[in-house]
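The values are calculated or read from the model by the stated rules, or taken from the named source; none is laboratory data. Just so we're clear, the structure is a prediction, and the values are computed from it rather than from any experiment. Every residue, glycine as well, gets a Cβ built from its backbone with ideal geometry; the counts of neighbours run over all protein chains shown. Surface areas here come from the heavy atoms of the whole protein model, side chains and all, with no ligands, DNA or RNA. Shrake-Rupley method; radii C 1.70, N 1.55, O 1.52, S 1.80 Å.
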Amino acid sequence: MEKRILGIILSTLGVAGLVVAGVYFMHSGQESKNMKAIFVYGILGVRFFFAGIGLIRNTKDKET
């Protein structure tokens, strides 16, 4: 699997994680269960997003 494709997949998963964290944030009250989910999805989303962007930026194009 090419690194760029893996970077695109990781970036997409990161955006999805951030969206899920945002949805939980908008629908949460004072429940600690939702706050834990927000932190977990948010941290994983940010980590995947920046890892994917890093792979896309640092991968050199192949000459054809």
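Worth pointing out:
- Label-point separation in nm, Ala16 to Thr59, each point 7 Å along Cα→Cβ: 1.7 nm
- Exposure of Tyr41 as accessible area (Å², to 10), given a probe of 1.4 Å and all protein chains: 90 Å²
- Between 0 and 90°, nearest 10: helix 3-26 axis offset from the chain longest Cα axis: 10 degrees
- Ellipticity estimate at 222 nm from DSSP helix runs (n ≥ 4, -39,500 (n - 2.57)) divided over the chain, nearest 500: -28500 deg cm²/dmol
- For Thr59, no residue has an amide H sitting under 5 Å from its own, ignoring neighbours fewer than 5 places away on the same chain, with H placed 1.01 Å from N.
- Listed candidates (i) 1.09; (ii) 1.19; (iii) 0.91 - label of the one calculated as Rg/Rh (Cα atoms, Kirkwood Rh): (ii)
- Sorted largest first by accessible area at a 1.4 angstrom probe radius, with every protein chain in place, the residues Thr12, Thr59 fall in the order Thr12, Thr59.
- Ranked packing of 52-58, 14-20, most packed first, by mean Cβ within 10 Å: 14-20, 52-58
- Pairs of Cα atoms nearer than 8 Å and 6+ residues apart set the relative contact order; for the chain it is 51 percent.
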